[in-house]
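Working notes for the structure below.
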C-alpha cells in the first residue's frame, strides 16, 4: 500500500496506519524479533511522510487524534481508568502536514516523542489537557488561526523554534519540567499573540508554587512585533537573548517571576521596564545585567583579551562593592570611609609607626581585607552585610594601633579630595621618626617608606574620589535612562 499524499477521510488514514504498523512489525520479525516481544515504543505512527520527510501530506477532514487512536488500538491499556484520557504509546510522526480543517489533540498522553516539524495548521489546533512525556518538536510550524495548550504538561524539551504565529497561542495552567524554547519565531504581519498564564500558580490561594530547577522559557533571536503576555507566571529562568521589540510589539508581564539567564535578557527586561516608566524595576534589572555580565566575563565567553576582561571585571566588582550597581547610597558612603581609612592608615603608618614589623603586618592585613571578603562572600549581595562590621572593626583598630594624636584630624582632611597637607610633612617626618631597622640600611628603608606612603596615599585619593562619585550616582538612581 502506498502512503496517500492526501488523506480525504479519517478511515483512509486509519487504513494506512494499520497497514504501516503491521509492515513495521513484519520487518522487525524478519530481523529476528519475536512478535510478542515487539513493543509499541519501537513503532512509529507515520501520519507524516514515512520515507520522504520533505514531501508534504494533507489532511482535509476534521482531524480528531483521539478518534484515530481508538480505531488503531482495540486494547484497553490505552485508556486512563475513570477518565476520558487516552494513551498514545507510539512515536508520533506528524511532520510536514497541512491540516486544512480544525485539528484536535485533546486529553492525550504521549508516552514518547511527538514531531510536528514544518506542519501547517490552517484552522485552529487544540492540545488541551494533553501530556507530552518525550521531546515535542514544533520547529518551523505555522499556526494560522491559533493553538491552545491549556492544562497541558511538558516533561521534556518543547521546541517551537522558527514557528510562525498568526493567531493566538495559549499556554495557560500548563506544567513543564524542562524548557519551552521559542527561537527565531515569527509574528505574521504583527498579528501573532502568545499567552503564558497561570504557570506554577495556585489560583485558590493566589500564590506561586515551587517550580522545577530546570524550568525555563526561551524566546531568543526573535523580532517581536506581535504580543507576548506573561500573566501569573513563575519559572526558574527566562531567556530573551537576541530578541527585540519593534513597531507595535508588546511584552507584557503581570505577576511574573523569573531570573534572567544572561546579561542580554536582563538588558531586554530593563528596557521594557523603562518603556513603562517603571524605574525601580528597571534598576533591579540593571544590577542583574551587570552581575550576569561579570559572570560571563569570568567564564570567558567572549573574544576579548585577558587585560580587557580583567579591567571590565574589576570595574564591575568595584561597582558592586561600592554602591550595589547604583542602588545603595548608604553603601557608597561606607565604602568611601572604609577604603579611605584603609589606604590612609597604610600611608600614615609608613611615616609614623615606629616598629617596621607592626607596620608591615598591619599594612598587609588592611590591604588584603577587602580581597579576602571577595573570596569568602561569593554571593553578590552578601558583602553588603559586612560593611557595618568593617566600620566598627576599623574604628577599634584605629584606637589600638594609631600612635599619633593627629591621626583622626589627618584622616578627615584626607577625605577632602583636594587636600594634600600630609604630603608636605613627609620629608620632615621621614628624618625625624626613629625606626627599628633590624640591621636594614636606613637609606634604603626610608626610600621604601616613601614609596609606600606615596603609593597608598595617591591610590586612596583615587578610591575616595571614586566613592564620592558612586555616592552621587546612587543618589541619582531614579534618573536612570
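Any read-out appearing in this document is the output of simple, stated calculations on the displayed coordinates, not a laboratory observation. From a predicted model like this one, the values you see are computed outputs, not experimental measurements. Every residue, glycine as well, gets a Cβ built from its backbone with ideal geometry; the counts of neighbours run over all protein chains shown.
Sorted fewest first by neighbouring Cβ atoms within 10 angstrom, 334, 98 come out as 98, 334. Counting beta carbons within 10 Å around each of 115, 51, 324, 20 and listing the fewest first gives the order 51, 20, 115, 324. Explain nothing, just the number: relative contact order of the stretch 147-233, from Cα pairs under 8 Å at least 6 residues apart, as a whole percent. This gives 31 percent for the stretch 147-233. Along its principal axes, the stretch 213-294 has C-alpha extents of 32, 27, 24 angstrom, given from the largest down. By the count of neighbouring beta-carbon atoms within 10 Å, fewest first, 325, 271 end up ordered 271, 325.
For the stretch 6-293, what percent of Cα pairs sit more than 30 Å apart? In whole percent, the share of Cα-Cα pairs in the stretch 6-293 beyond 30 Å is 36. Based on the alpha-carbon gyration tensor of the stretch 113-180 and its eigenvalue square roots a ≥ b ≥ c, which shape applies: rounded if a/c is under 1.5, prolate if not and a/b is larger than b/c, or oblate? Since a/c reaches 1.5 but b/c is at least a/b, the shape of the stretch 113-180 is classed as oblate.
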